[in-house]
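Only one structure is covered here, and it is reproduced in the block below.
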Amino acid sequence: AREVVKWNDECLKRYQEVADKYPEFTHVNLARYGLAMAHYRKGDLDKARERLESIPVADRNGDLATVSYQLADVLIRQAPARADDALAAGKLQEQLRGAAELLEAFVGAQANGPYTADALLKLGHCQQLLAAALAEPPEQAKALAGARSAYEQVLQRFGKSAAAPQAHFERAKVLAQQKDVNGAINELRRFTQDPLKKAPVAPMALLHLATLLRGQNKPAEAAEVLAQCRKEHEGDLM
């Protein structure tokens, strides 16, 4: 861990020197990106965001295509956890919409890139959070539809990727939010069978399934799901 900190600080030093001394250098934006990611690794999201935003939108392609993806990630992490007043709600909605726009731009430019599936997961997550923050039912419905679309794109285009189990789980949660509880239950039942029963997210999916079954006045079935979940996963979870 000390070595990681040491060399990350060395990255900061060297990239900062390039950015300060050679602002007209052809690849100065690569240095700014490296600087942003070094700050990100230190947990200094404000500085990471500042450096990422200093890279012009027109230059966010090629080796810098992930700038929009990383900037969206920072915005999501910085979004207020709670919106207890109008100011906090406004800030939350602004950051989530900004992150969603960045992710949509990234997915549009990197249709099959190594980060595209995760970008779609993050896009769906943004839309779910936005739906929870919005007051008007039509706006909530639009955000949930956007979230569902993002997760379905993961399943259609990256069905064998590591992101697919999470997309199944999140899609089920969106279905429940859209009042399609039976559809959500059917989706979550996939986690009782191969290959999804071996996914890292399977225990959470089964817990969610049991919760929905209990809400449908099926406590015995919910208990059976939880018992099977414990049998399959408790050893690994311990």
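The values are calculated or read from the model by the stated rules, or taken from the named source; none is laboratory data. Remember, it's a predicted structure, so these values are computed and weren't measured experimentally. Neighbour counts are summed over all protein chains in view; Cβ atoms, including those assigned to glycine, are modelled from backbone coordinates with ideal geometry. Surface accessibility is based on the protein's heavy atoms, side chains included, excluding ligands, DNA and RNA. Shrake-Rupley method; radii C 1.70, N 1.55, O 1.52, S 1.80 Å.
A few points about this structure:
- When residues in the stretch 106-126 are screened for being assigned to a helix (DSSP H, G or I) and open to solvent by less than 60 Å² (accessible area, probe 1.4 Å), 12 of them pass.
- Any pair with Cβ under 7 angstrom, 6 or more apart, that starts in the stretch 29-45 at a residue that is more than 13 Å from residue 70 (Cα to Cα) and ends at one that is of a type in the set (Asp, Glu) and assigned to a helix (DSSP H, G or I): 29/59; 30/63
- Hey, residue 103 modelled with pLDDT of 95 or more, farther than 21 Å from residue 45 by Cβ and either part of a helix (DSSP H, G or I) or in contact with a helix residue (DSSP H, G or I) (Cβ under 9 Å, 6 or more places away or on another chain) (or both) or not: no
- Checking each residue in the stretch 10-21 for being under 20 Å from residue 53 (Cβ atoms) and free of Cβ contacts under 8 Å to residues at least 12 places away in the same chain picks out only 20.
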